[in-house]
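Let me begin by presenting the structure, written as structure tokens, before commenting on it.
The values are calculated or read from the model by the stated rules, or taken from the named source; none is laboratory data. Source: prediction; values computed, not measured. Here the Cβ is made from the backbone with ideal geometry for all residues, glycine too, and neighbour counts use every protein chain on show.
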């Protein structure tokens with residue numbers, strides 16, 4: 001057997017009371033820069049309605065081709081069924097691609113701060129630009145209010161250096177840059 005050893009348990013010492021120290025008040029942090037968030041309701045509305053119209057027209061064209069295929073004498077053959085399935089897959093790919101491209105062109109909102117301009121995409125993406133004063137903004141096309149949007153929208157190009165993107169925005173969301181050479 002092994003010998004038993006005495007175990008020493010240290011006793012806690014009472015710590016001396018802390019001496020009062022002049023506590024400096026924490027410095028007041030500078031105000032965080034305000035972010036001006038501008039929602040793009042009309043641009044999103046136009047993109048969504050345009051997507052719905054695109055898919056509806058594509059469906060009508062597909063339904064017309066199916067009806068035409070079924071009315072022909074060779075429409076019931078096994079080879080025609082597989083080609084019809086392939087045509088349906090192509091139509092589905094076109095519908096999905098068109099909807100994604102249309103929705104990507106219309107951001108949900110734009111956030112402006114003194115240090116950057118952030119474009120919040122409709123599918124959750126975020127694209128950072130320099131401050132609004134450093135961005136060249138050019139209106140490419142104006143769309144009047146109507147069936148697709150209750151408020152006028154514009155196709156706008158934002159460019160800063162080599163970064164260049166085109167967005168569908170509500171009219172007046174961003175101020176257009178003055179033409180080159182104009183006093184400003």
Some residue of region 69-89 being within 30 Å of residue 170 (Cβ to Cβ), at pLDDT below 70 and not in a helix (DSSP H, G or I): no
Residue that is surrounded by the most Cβ atoms within 10 Å (Cβ to Cβ) [pool: residues in region 131-169 that are assigned to a strand (DSSP E or B) and at pLDDT below 90]: 160
Selected residue (criterion: modelled with the lowest pLDDT) from residues of region 1-52 that are under 30 Å from residue 157 (Cα atoms) and assigned to a loop (DSSP other than H, G, I, E, B): 32
Condition broken by residue 172, with the remaining ones in (1) crowded, with 16+ Cβ neighbours inside 10 Å; (2) closer than 12 Å to residue 43 by Cα; (3) out of contact with any strand residue (DSSP E or B) (no Cβ under 6 Å at 6 or more places or on another chain) satisfied: (1)
Conditions (1) within 12 Å of the chain's Cα centre (by Cα); (2) at pLDDT 90 or above: number failed by residue 99: (1)
